[in-house]
Amino acid sequence: MNKKVVVIGGGVAGMQTALTLSELGLTPVIIEKEASTGGKLCKWHKLFPTLTPASEVLDGLRRRVSEAGIEVMTGRTVGRITDSGVELEDGTALACDATAVCTGFDIFDATLKEEYGYGMYDNVFTTVDLEEMFNRGEVRMVNGEKPRRVAFLHCVGSRDEKVNQRHCSRVCCITGVKQAMEVKQMIPDAEVFNFYMDMRMFGPGYEEMYRQAQYEYNIQFIRGRISEASQTIDRRVQIKAEDTLVGRPLKMTVDMLVLIVGMKAGASNERLGGCCGVDLYPSGFVRPADQFLRNVCSGSERVFYAGTVSAPKNVGESINEGIAAAYKISRYLNR
Amino acid sequence: MDWGYSINQPRAVNLDKNDLGVAEKLLRRMPLLQACIGCGSCTATCTAGGFTSFNFRKVQTLVRRGEYQGAYEEMSKCMLCGKCRLACPRGINTRAVVMMIKKELAKQ
Ligand SMILES: Cc1cc2nc3c(=O)[nH]c(=O)nc-3n(C[C@H](O)[C@H](O)[C@H](O)COP(=O)(O)OP(=O)(O)OC[C@H]3O[C@@H](n4cnc5c(N)ncnc54)[C@H](O)[C@@H]3O)c2cc1C
Ligand code: SF4
Ligand code: SF4
Ligand code: SF4
């Protein structure tokens, strides 16, 4: 039989799709635009809610991909899906019997929220920067000192008309809680504040982690969105919010402001969308054929989806979709 | 007779009794105000709120609940600078809300 399936994107969703396809007797090829597989997880230190090292999850997947003898083309970008396969950016056409789109999401560019001064003020960071600091093993201000007071701001680049991102990115509330706890673990005498509008703890163990952050880690949750930040003479960050539960404006100076950046639709969606059954939501994420029964299917019988290409998801959900997509693909090819 | 205490006005926002007429009219003219998520960005950035007890988020929420008492006077503290409108993540024309509330309540 030996039917060939192109898997676009070698993140966790793409790797799992390829693994299951291979188990089902099909021949997957992963095409990944970066130099290595792994997607965003290459940047993350430990994963919520279990604090499992991201490298552990990736190592397992990569090892199995290599053991299964799956072909992986790295440093190649898919530019177009066609009726017979895909076309790479360099013009190479690859024929295949089905395509799995696993191109993931993009991280919101925090410089677009100018009022928070990311890229302008010294000590304004994003959750992505913080993961990098965790990987280096220390959380430091630009001058090399340990921060004594850290504020996290939820919903940066999500739920915000002003940057055309209406959706909730789902995983960032729990990321904010996880990182607040990690900062406290590394710097126990630091004061940590999370400014939120709603706490969306959708996954198993998430609400429990939130409670633990409150009562074991003394993290202070303040319900109000920071309206603006400014840099003080000593290069700290002054922030303004309303403490909406008290009904009064609040201001404070922190050593570090961490913007909890959202997940936006991947740039590939726009390019791959509009043909071969790939339809986009207004948010830019791909729209599955049906939200209940055909979550991993596109409008075309030979194009499938898995992972965050269709909506913000956590790692477990993305991996599960890889299994589901591979199963649907095998049903289609063995029909 | 002096019982040593008096009976306070009930404090509950009473949605059985409150007349939502003005609120409904306001929301018909400015439907997007219904999308407010109460984030407080407007109040945080408010020029007037920095110096007085004026709280735009709270007052417009009270008006939407049919609590009109004192709202006109509160909204009169607004300097119409428009900063709140720049901050609102729901894209609500908050400054226009101030004007509409004042206009509706002035008729009362
Ligand atoms: C700050 C932050 C922290 C997070 N922490 C956690 C956590 O602790 N636990 C958890 O469960 N989840 C976490 N998540 C969510 C997690 O990152 C995602 O669930 C996961 O990365 C989704 O995997 P994916 O394969 O769908 O997408 P991605 O990881 O985005 O992978 C997509 C891959 O496709 C490639 N690609 C894209 N376009 C093309 C193209 N045209 N051609 C070829 N290749 C292409 C990309 O280079 C990338 O390698 C976090 C998210 C954020 C933003
Ligand atoms: S998950 Fe939380 S921080 Fe992220 S967009 Fe939703 S409400 Fe905001
Ligand atoms: S900024 Fe907008 S959404 Fe937030 S409380 Fe004010 S009016 Fe409501
Ligand atoms: S327009 Fe009025 S309510 Fe809005 S920020 Fe200015 S003073 Fe405050």
Here is a check on your reading of the model: is B:Ala44 within 14 Å of another protein chain (Cβ to nearest Cβ) and loosely packed, with under 14 Cβ neighbours inside 10 Å?
no
Show the residue pairs meeting these rules: Cβ distance below 8 Å; 6+ apart or different chains; first residue within the range B:64-83 and near ligand 4 (Cβ under 10 Å from one of its atoms); second residue assigned to a loop (DSSP other than H, G, I, E, B) and open to solvent by 50 Å² or more (accessible area, probe 1.4 Å).
B:Lys77/B:Thr52
What is the one condition in (1) touching a helix residue (DSSP H, G or I) at 6+ places or on another chain (Cβ under 6 Å); (2) over 20 Å from B:Ala35 (Cβ atoms) that B:Lys103 does not satisfy?
(1)
Scanning the range B:47-73 residue by residue, those aromatic (Phe, Trp, Tyr) and within 14 Å of chain A (Cβ to nearest Cβ) turn out to be B:Phe51, B:Phe54, B:Phe56
Filter the range A:172-210 for residues that are within 16 Å of ligand 1 (Cβ to nearest atom) and of a type in the set (Val, Ile, Thr); which is nearest to A:Val254 (Cα to Cα)?
A:Val183
Is there any pair linking a residue in the range B:23-46 that is of a type outside the set (A, V, I, L, M) and within 13 Å of ligand 3 (Cβ to nearest atom) to one that is in a helix (DSSP H, G or I) and at pLDDT below 95, with Cβ under 6 Å and at least six apart or on different chains, and which?
B:Thr43/B:Gly49
For the condition within 14 Å of chain B (Cβ to nearest Cβ) and within 16 Å of ligand 3 (Cβ to nearest atom), what is the one hit in A:Arg166, A:Arg200?
A:Arg166
Out of (1) more than 16 Å from ligand 3 (Cβ to nearest atom); (2) under 19 Å from A:Tyr121 (Cβ atoms); (3) charged (D, E, K, R); (4) in contact with a helix residue (DSSP H, G or I) (Cβ under 7 Å, 6 or more places away or on another chain), the odd one out for A:Glu228 is which?
(1)
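Quick one: would you say B:Met30 is more than 14 Å from every other protein chain (Cβ to nearest Cβ), out of contact with any His (no Cβ under 8 Å at 6 or more places or on another chain), surrounded by fewer than 21 Cβ atoms within 10 Å (Cβ to Cβ) and modelled with pLDDT of 95 or more? Quick ask: steps written out before the conclusion?
On the way: more than 14 Å from every other protein chain (Cβ to nearest Cβ): yes; out of contact with any His (no Cβ under 8 Å at 6 or more places or on another chain): yes; surrounded by fewer than 21 Cβ atoms within 10 Å (Cβ to Cβ): yes; modelled with pLDDT of 95 or more: yes.
So B:Met30 fits the description; yes.
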If the requirement is being open to solvent by 20 Å² or more (accessible area, probe 1.4 Å) and out of contact with any His (no Cβ under 9 Å at 6 or more places or on another chain), which of these qualifies: A:Asp255, A:Asp290?
A:Asp290
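The values are calculated or read from the model by the stated rules, or taken from the named source; none is laboratory data. Because the structure is predicted, anything quoted here is derived from the model rather than measured. Every residue, glycine as well, gets a Cβ built from its backbone with ideal geometry; the counts of neighbours run over all protein chains shown. SASA here: full protein model, heavy atoms, side chains in, ligands and nucleic acids out. Shrake-Rupley method; radii C 1.70, N 1.55, O 1.52, S 1.80 Å.
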